[in-house]
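Peer 1: Got a structure here, written out as structure tokens. Questions coming.
The values are calculated or read from the model by the stated rules, or taken from the named source; none is laboratory data. Keep in mind that this is a model prediction, so the values were computed, not measured. FYI the Cβ positions are ideal-geometry reconstructions off the backbone, even for glycines, and counts take in every protein chain you see.
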2 protein chains.
Amino acid sequence: MATAEAPGFRPLYIQVKDLLIKRLVSGDWRPGQVLPSEIKLADEFNVSQGTVRKALDEMASVNVLVRRQGKGTYVAAHTHHRALFHFFHLIGEDGSRVLPESRVLGTRHRGATRKAAERLSLAPGAPVVIFDRVRSLDGRPTVFETIVVAESMFPGLGRPPRDMLPNTVYEYFEQEYGVTIVNAVERVRAAAAGKREARLLDLAPGAPLLVIDRVAFGLERRPVEWRLSRCDTSRHHYLSEIE
Amino acid sequence: MATAEAPGFRPLYIQVKDLLIKRLVSGDWRPGQVLPSEIKLADEFNVSQGTVRKALDEMASVNVLVRRQGKGTYVAAHTHHRALFHFFHLIGEDGSRVLPESRVLGTRHRGATRKAAERLSLAPGAPVVIFDRVRSLDGRPTVFETIVVAESMFPGLGRPPRDMLPNTVYEYFEQEYGVTIVNAVERVRAAAAGKREARLLDLAPGAPLLVIDRVAFGLERRPVEWRLSRCDTSRHHYLSEIE
DNA sequence: GAGTGGTCTAGACCACAGC
DNA sequence: CTGTGGTCTAGACCACTCG
């Protein structure tokens, strides 16, 4: 290490970070596991502890790692808590957060539509797996959700014995396929409920729905999942914190 | 400095940060101005440069300061760019970001409703200033917005010669009143357009609208503004980035 | 007590902006 | 050339966790 190049100038701690991410992606360390201590990593990479620290801090700041004083640095794992506080933004009027129950309506294997291909950076027609499900809050159907992923990234998904989808999808992706979701972009709009949506969500056709179009990205910043959520926001709202 | 207490244990750099924020709030340094260099601040506070650096970095990470290598550390100022990229989330289908033109419909001075009081942490009935305006994107009316602030925080606002509201409100708050908005919480939902909304936005009554209920906070983390935006999202969408 | 991350220091050198 | 922030190092000490 300790080599600086002419053109780019990549700081050491960035290089260390890249190496660490490579090892995460390769599965050297699994979610929930503890990394070697700062000192050991510094020795291994032949840099100072402070440099390793800066790399680890950056990764912790984007929730890829979790640091615990006195214990160690852990690979962040998708838990119910994380699903609830980072990736599920529908909350009650009183501010309560509850993960909805999910009921899968059906699973299809198709070629990617033009839109799906665009969202997932695939070739049109590339094989994808599609799930439809209804999620209920307080026992009432509240979200009608369509989830699309590339079959190439999740072989066997949606076929026995993997034909069911658990409630917390990202946890499942991580544990079964080693695919970790780290961030997402959501496009939100209001639309009138169609017949199917109205029936599934127990609403009148034409009722206003909040439509969330989400693309979720993995550790390497490539799109992994496309999700369309149509939400009845008469008893909940979508929370967005800006700073 | 350099004193540590028994109960709390406040790291030095946090104490430095608190002092810096105090001086920002008091108006010692105005938005857009340069702070003293790290070395000078370190001398002043009798701490090392690294400690000042950590305090400054934290403030930069929440957009209170802006650091420019080779130049200095600046107090973040609300600019059109910041309004556009941090506080305005309606973007076109192609991803284009445009700040809408605004037309103020009216200004009222009232006592805070129960809801306004709750949002702004005021006593019910406390004097507030209310603006209604319509914002247009691409020449089409797209957002009907109601803005509520406490009169005590903005004396004279909405009365001559300050009876008009510029397009970029936070810039105005900052320059005219020294009140800096640093973060906000938005509650988003879908609702059907009422008669007035439909008329103002050139829609059919009952058309689905995106309703954004925003509370914006100042440097001291106290609520400053409550804003209700009803948006026609047929040609735009609300963008939310999660990580 | 041993080991971990967290804070603080002091100093060297690098990249960048501007005179 | 000077001054700024950015990187990197080495070492000391503190707070926390656990056996």
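Peer 1: Would you point out which residue out of B:V98, B:V62, B:V75 is within 16 Å of DNA strand D (Cβ to nearest atom), closer than 30 Å to B:Y238 by Cα and surrounded by 12 or more Cβ atoms within 10 Å (Cβ to Cβ)?
Peer 2: Every option except B:V75 fails the conditions.
Peer 1: Return only the number of the condition from (1) farther than 22 Å from B:S61 by Cβ; (2) within 12 Å of chain A (Cβ to nearest Cβ); (3) at pLDDT below 95 that B:G178 does not satisfy.
Peer 2: It fails just one condition, (2).
Peer 1: Let me ask something additional. Name every residue in the range A:197-220 that is among the hydrophobic types (A, V, I, L, M, F, W, C) and in contact (Cβ under 8 Å) with a residue 24 or more places away in the chain, in order of residue number.
Peer 2: A:L200, A:L201, A:L203, A:A207, A:L209, A:L210, A:I212, A:V215, A:A216, A:F217, A:L219
Peer 1: Quick one: how many residues across the range A:145-165 are in contact (Cβ under 8 Å) with a residue 60 or more places away in the chain and acidic (D, E)?
Peer 2: Of the residues in that region, 1 qualify.
Peer 1: Please find, among A:V25, A:V66, A:V16, A:V75, the residue that is within 11 Å of DNA strand C (Cβ to nearest atom) and closer than 24 Å to A:R221 by Cβ.
Peer 2: Of the residues listed, the single one that is within 11 Å of DNA strand C (Cβ to nearest atom) and closer than 24 Å to A:R221 by Cβ is A:V66.
Peer 1: Which condition number in (1) of a type outside the set (A, V, I, L, M, F, W, C); (2) part of a helix (DSSP H, G or I); (3) closer than 26 Å to A:H237 by Cα is the one that A:E118 fails?
Peer 2: Looking at each condition in turn, A:E118 falls short on (3).
Peer 1: Free of Cβ contacts under 8 Å to residues at least 12 places away in the same chain, within 14 Å of another protein chain (Cβ to nearest Cβ) and away from DNA strand C (no atom under 16 Å from the Cβ): is that true of B:G50 in this structure?
Peer 2: So B:G50 does not fit the description; no.
Peer 1: I'm trying to understand the selection: among the residues of the range B:193-212, which are within 8 Å of another protein chain (Cβ to nearest Cβ) and surrounded by fewer than 18 Cβ atoms within 10 Å (Cβ to Cβ)?
Peer 2: Correct list: B:G206 only.
Peer 1: What are the residue pairs meeting all of these: first residue in the range A:223-243, first residue within 9 Å of chain B (Cβ to nearest Cβ), second residue polar (S, T, N, Q) and part of a strand (DSSP E or B), Cβ atoms under 7 Å, and 6 or more apart or on different chains?
Peer 2: Filtered contacts from the range A:223-243: A:C231/A:T142; A:D232/A:T142; A:H236/A:T142; A:S240/B:S240; A:I242/B:N183; A:E243/B:N183.
Peer 1: A further question on this structure: Only one of these is farther than 19 Å from B:R235 by Cα, in a loop (DSSP other than H, G, I, E, B) and out of contact with any Ser or Thr (no Cβ under 7 Å at 6 or more places or on another chain): B:R159, B:R196. Name it.
Peer 2: B:R159
Peer 1: Please determine whether any residue of the range B:127-135 is over 30 Å from B:L12 (Cβ atoms), under 18 Å from the mean Cα position of the chain (by Cα), assigned to a loop (DSSP other than H, G, I, E, B) and not polar (S, T, N, Q).
Peer 2: No, there is no match, as no residue in the range B:127-135 is over 30 Å from B:L12 (Cβ atoms), under 18 Å from the mean Cα position of the chain (by Cα), assigned to a loop (DSSP other than H, G, I, E, B) and not polar (S, T, N, Q).
Rundown of residues vs (1) among the acidic types (D, E); (2) within 26 Å of A:S240 (Cβ to Cβ), yes/no style:
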site	(1), (2)
B:Y13	no, no
B:W29	no, no
B:P36	no, no
B:D43	yes, no
B:R67	no, no
B:T79	no, yes
B:A83	no, yes
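Peer 1: In addition: Can you pull out every residue in the range B:20-47 that is within 9 Å of DNA strand D (Cβ to nearest atom) and either over 30 Å from B:Q175 (Cβ atoms) or within 19 Å of the chain's Cα centre (by Cα) (or both)?
Peer 2: B:I39
Peer 1: Identify all residues within the range A:28-47 that are assigned to a loop (DSSP other than H, G, I, E, B) and either more than 9 Å from DNA strand C (Cβ to nearest atom) or within 14 Å of another protein chain (Cβ to nearest Cβ) (or both); write none if there are none.
Peer 2: Matches in the range A:28-47: A:D28, A:W29, A:R30, A:P31, A:G32, A:Q33, A:N46, A:V47.
Peer 1: For the range A:194-218, give me each residue that is hydrophobic (A, V, I, L, M, F, W, C), out of contact with any helix residue (DSSP H, G or I) (no Cβ under 9 Å at 6 or more places or on another chain) and closer than 24 Å to B:H89 by Cβ.
Peer 2: Those that are hydrophobic (A, V, I, L, M, F, W, C), out of contact with any helix residue (DSSP H, G or I) (no Cβ under 9 Å at 6 or more places or on another chain) and closer than 24 Å to B:H89 by Cβ: A:L210, A:V211, A:I212, A:F217.
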